[in-house]
Amino acid sequence: MNSGRNGTRLRPCGQAHTAQAQEAPSASRRFAKRHAVFALSLLTLAGCSSIKAPVPTDPDALEDYKQANDPYEPLNRKIYGVMMKADKWALRPVAKAYVWAVPHPVRNAFGNMILTMNEPSAFFNDVGAGKPRRAGDAFVRWCINMSVGVGGLIDVAKMAGYPHQDNDAGLTLANWGIPSGPYLFLPMGPSSIRDGIGYGIDQGLSPWNYVPRGYGLVSFNWAYNMLGVVHGRSEHLDELDALQRDALDPYATIRSAYQQQRKAHAEAIKNDHRATVPLWYHVKNRQQG
Amino acid sequence: MTFFSGRRLFLGSLALLCAGSLAAAPARAAQNTHQFIESFGKQLVAIVNSPVPLSEKKEKVLPLIQKNVDIDAIGRYCLGRYWKTATPQQQKEYLGLFNQILVSAITDKLGDYRGVSFTIGAITKSGDDDSVEATLLRPQQPPASMQWIVSSASGTDKVVDVIGEGASLRLTQRQDYSAYIARNGGNVDALIKALKHQIEHHSASAQ
């Protein structure tokens, strides 16, 4: 679930909101209703018990409480429980069926396409984080893969020495020095206040949420987003099964792994000081100078 | 003049010697850590790649792990704040169970790999311990980079943690155990019971 963000980040509900709201009043009403239902169910859940966990008084327990950074644990655990049920009965079986029905090379091609189509968002975030080399790589990946790579299905850019580097707005905000805020378990997976806001920004940065109606583009967008969710889940089938089996408290294990990985990822981007121009350019200049 | 220059030479060489030995001390430590991980890794990879049956691999790898991994230290770390509150009897029982679980977690992975190799990268300080960058190369799979945390607190170099994709295995395990104990009334016996159940379940599924 942690690193399944690629797929889960591109869930259909957020994008439908922006793409269809202005042009289809009936659709917008439907989505407004759905959001209202969602908000209401969250409130009901919240009403069932307290949202916030009591702050422990024992110094050692307080230390653990601070390290977990999860003051809304009761609410988070409820959402986690609901999402894990949905996963068990819906998403996981669908992802297993997808793995069973679709041959590996085809799934690979879909994975490439999903990565490539996420490059614009990665590009804007790289620019926002002030990392020109990463931004350039994302831009080149987009150009190469969308043309030579047949709409992103073949990762030609990787073969040419431009592997994908993940970035999202949550990480960009982290690079700006904004703390993560409390941990949250959202319907799209483990998150935090900062990463949740980042998720919203990413929806705005993805050009796929601005596709015009007609030409089947909206249908394509829906199919693409749903594929993203199923594909993202299918890549973590064994890992999540193992986690559910081996962890005594899977919720706490996911929380810990997610927080550590996000921190390390933000750190890695921050420490990426690679030069913007390729090495041969420097060599050539030195020879001439 | 000659006296001065001689003294200067003497002082200069003394300073150089001091600086040299100062610089050499951490370098030597890093060298030792490098050698330790290289030899441990080579032996591990040799067993993984050998064409013997899985049961034989498990037998061979056991003494290697017990010699090079500080399982008791990892176990103590994973119990977190409850280590202090546990009775000596509970501590002993827990460490025994933890030992079994850790070893079987490693040996379970042995059958998954074949034809692996690894490279060792930079060695940096991580608190009191050394952190060794290593990349595992598996055929037809992307290289997996990880960090091995090596501690010499026990007198000899031993692995105390592995960090993969930014997540420390022992820290994740500690937060799993802590959350479980906290949700079971802060009782270490609940954890011991759960670990026993895990081992039973594991041996039942292995048969």
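Bear in mind these aren't lab numbers, they're just calculated from the coordinates by the rules spelled out. Just so you know, these numbers come straight off a predicted model, no measurement behind them. No Cβ is skipped: glycine too gets one built from the backbone with ideal geometry, and neighbour counts run over all protein chains shown.
Just a few scattered comments:
- Inter-chain shielding of A:61-74 (mean C-beta neighbours from other protein chains, 10 Å cut-off): 2
- A crude spin-label estimate for the pair B:Lys109 and A:Tyr281, with each label 7 Å from Cα along the Cβ direction, gives 4.0 nm.
- Taking each DSSP H run with n ≥ 4 as -39500 (n - 2.57) and averaging over every residue of chain B yields -22000 deg cm²/dmol at 222 nm.
- Near the amide H of A:Leu184, within less than 5 Å, lie the amide hydrogens of A:Ser191, A:Ser192, A:Ile193, all on another chain or at least 5 residues away, with H placed in the peptide plane.
- Efficiency of FRET from Cβ geometry, A:Ala264 and B:Lys92, R₀ 41 Å, rounded to 0.05: 0.70
- The stretch A:76-271: C-alpha gyration tensor shape, a/c 1.5 cut-off, then a/b vs b/c: oblate
- Debye-formula intensities of chain B, expressed as log10 I(q)/I(0) at q = 0.11 Å⁻¹, are -0.64 (one equal scatterer per alpha-carbon, no solvent).
- For the pair A:Arg107 and B:Arg138, label points projected 7 Å from Cα toward Cβ lie 1.4 nm apart.
- Geometric extent, Cα atoms of the stretch A:166-289 - Rg, Dmax (angstrom): 19.7, 64
- With the simple spin-label model, which puts each label point 7 Å out from Cα in the Cβ direction, the B:Ser126 to B:Ser55 separation comes to 3.7 nm.
- Computed over the stretch A:76-271: relative contact order in percent, which uses C-alpha pairs under 8 Å that are six or more apart: 25
- A:Trp100-A:Thr57 FRET efficiency (beta carbon distance; Förster radius 45 Å; 0.05 resolution): 0.30
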